[in-house]
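Written below as structure tokens is the structure these notes are about.
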Amino acid sequence: MNRVLFGSAFVVCALGVTSQLGEKTSLASVEKKVDELFSAATSSGQPGLAVLVRRNGKTLFDHGYGVGDLRSKVTIDARTNFRLASFTKQFTAMAIMLLVHDGKLRYDEMLTEVFPDFPDYGKTITVRNLLNHVSGLPDYEELMEAAEKANGSMWSPEKQIQDEEVLKLLEKETSGKFAPGTSWSYSNSGYVVLGLIVAKASGKPYREFLRERIFAPLKMNHTIVYQKAKNEVANRAFGHSKEGDLLKESDQSSTSATLGDGGVYSNLEDLAKWDDALQNHTLLSEKEMQPALTPVKLNDSSEPHWPKEPNGDNLHPGKPVFYGFGWFLDPYNGHPRMWHTGSTMGFRTVIERFLGQNLAIIILSNRSDLDPEKLSLQVADLFLPAPN
């Protein structure tokens, strides 16, 4: 097992750990239980993951397991930068909320107000609909597939689709999947468009707005929106996927260049600062943050559900879904939480924030055969009071 322990700290009396481990346990016992969950996840010299546990604004546990790539074999640590994938959506949502705070955007602004050339079906899609995944925008990957079926190969890992091309594909359609607000469907298209709205409303590239208004103020100095040929990711972990019994580098796909739905790279050191900012309302007041933490209801006030048909973005087919702005909001064993996963070629990520417990768990993985969401909840079980 090739792992690095960096700055791990436990304060048991501060934790008040009483859970499936029984009564308040010793520092060594708690650390061992958490470590055991991850030490078997990867073997020496293999791609792995980085794990952060925080409570009440203090880092309790941060470990790295495995290597960032199979060429350099550099071990993963707190400054190893992973592609966040859909974890990015909370930063896109924050950027939109900051623009609303600035008076440059409204939640009820229609898509056609921002992009006048957008077809008529955008006249009833609001910025809020996009944030909540109730816009009904067509899936841009399905549109890519249809375009390539008609015209031959158009995109590849070397020639990736760009945000503006996604917008053009959407503008060629005459209707959405459903009328806005009448159903719920997880939409990468919506968050690509939100990234474009950030740029249009601010007058700055999406990556620059996030750097100036989120990353720089929070001193998240190694977090970036990656754009090939425009910037580089320092201390970069590369993604890996299983081929037979082997893990092989699989870092980029034809859709890896889109921004608002998944373009951010970050590390545990910076994400600890993000957790602090959320807890302390550094960027927005508690009142301004409330829309992000309010589960969407459909137009008829009913509870939305995941689509019944399984697909790659459908985590819980047919089940109720609670989504705000860039955050899932359904509780876990009665504990209120805000959370999000990320999944893209070679990477799996998760952030879990248990609001009543001031507990945050972040897992970043550079291999697609791991399940960070499942692992994060196993960690949570060690810290949360057992359900009644």
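The table below gives the values:
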quantity	calculated
Test: Glu212 is among the acidic types (Asp, Glu), touching an Asp or Glu at 6+ places or on another chain (Cβ under 9 Å) and not in a loop (DSSP other than H, G, I, E, B)	no
Test: residue in region 228-247 that is closer than 26 Å to Asp139 by Cα, open to solvent by 30 Å² or more (accessible area, probe 1.4 Å) and in contact with a helix residue (DSSP H, G or I) (Cβ under 8 Å, 6 or more places away or on another chain)	no
Residue within region 334-343 that is open to solvent by 30 Å² or more (accessible area, probe 1.4 Å), out of contact with any Phe, Trp or Tyr (no Cβ under 6 Å at 6 or more places or on another chain), hydroxyl-bearing (Ser, Thr, Tyr) and closer than 26 Å to Phe238 by Cα present	yes
Any chance Trp155 is in a loop (DSSP other than H, G, I, E, B), touching a helix residue (DSSP H, G or I) at 6+ places or on another chain (Cβ under 7 Å) and either aromatic (Phe, Trp, Tyr) or over 28 Å from Phe322 (Cα atoms) (or both)	yes
Within region 70-126, considering residues that are touching a Ser or Thr at 6+ places or on another chain (Cβ under 6 Å) and of a type in the set (Phe, Trp, Tyr), the one farthest from Thr223 (Cα to Cα)	Tyr121
Test result for Asn280, in contact with a Pro (Cβ under 9 Å, 6 or more places away or on another chain) and open to solvent by 10 Å² or more (accessible area, probe 1.4 Å)	no
Some residue of region 250-267 being open to solvent by 20 Å² or more (accessible area, probe 1.4 Å), more than 30 Å from Pro304 (Cα to Cα) and of a type in the set (D, E, K, R)	no
Residue that is more than 24 Å from the chain's Cα centre (by Cα) and either surrounded by fewer than 24 Cβ atoms within 10 Å (Cβ to Cβ) or at pLDDT 90 or above (or both), where the choices are Ser26, Ser86	Ser26
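The values are calculated or read from the model by the stated rules, or taken from the named source; none is laboratory data. The structure displayed is predicted, hence computed values, not measured ones. Using ideal geometry, Cβ is built from the backbone for each residue, glycine included, and neighbour counts are taken over all protein chains shown. SASA here: full protein model, heavy atoms, side chains in, ligands and nucleic acids out. Shrake-Rupley method; radii C 1.70, N 1.55, O 1.52, S 1.80 Å.
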